[in-house]
């Protein structure tokens, strides 16, 4: 089951932003079948992840036709392993259940570019 985050932005919370609950990798698989999805693999101990997280959440507010998902690799190790995540932050973009783009690093310009491509 997905836990919805309703306080991403207190003025305009993103309804399309989800946090995968620990131990529930099936929810991630079900969500992956949606039309457009941006997955953000992160870790609480990762400094670059802390820098890019607010930017990812801001994009969730701007692009309402895309589902944004945040996955902590320490809390959901199976999901991270199945996705082949070897470093954080890593972003995976999917369209109609198929991976279209993937990159690692806290590069805001690259993140925006991939979101724009996914939105088309």
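For the stretch 99-112, taking the residues that are assigned to a helix (DSSP H, G or I) and touching a strand residue (DSSP E or B) at 6+ places or on another chain (Cβ under 9 Å), the one that is surrounded by the most Cβ atoms within 10 Å (Cβ to Cβ) is identified as 111. A residue that is farther than 23 Å from residue 119 by Cβ, without any contact (Cβ under 8 Å) to a residue 60 or more places away in the chain and buried (at least 17 other Cβ atoms within 10 Å of the Cβ) occurs nowhere in the stretch 50-71. When only residues in the stretch 30-49 that are in a helix (DSSP H, G or I) and modelled with pLDDT under 95 count, which is surrounded by the fewest Cβ atoms within 10 Å (Cβ to Cβ)? Selected residue: 30. Restricting 65, 74 to those that are more than 21 Å from residue 36 (Cβ to Cβ) and not in a helix (DSSP H, G or I) reduces the list to 74.
Check whether at least one residue in the stretch 3-25 is within 23 Å of residue 120 (Cβ to Cβ), over 12 Å from the mean Cα position of the chain (by Cα), at pLDDT below 85 and loosely packed, with under 12 Cβ neighbours inside 10 Å, and report yes or no. No: the stretch 3-25 contains no residue that is within 23 Å of residue 120 (Cβ to Cβ), over 12 Å from the mean Cα position of the chain (by Cα), at pLDDT below 85 and loosely packed, with under 12 Cβ neighbours inside 10 Å.
Applying the condition of being within 13 Å of the chain's Cα centre (by Cα) and more than 18 Å from residue 46 (Cβ to Cβ) to the stretch 72-98 and asking which residue is surrounded by the most Cβ atoms within 10 Å (Cβ to Cβ) yields 94.
The values are calculated or read from the model by the stated rules, or taken from the named source; none is laboratory data. In this text, all values refer to a predicted model and were calculated from it rather than measured experimentally. Counting neighbours? That spans all protein chains shown, and the Cβs are built from the backbone with ideal geometry, glycine included.
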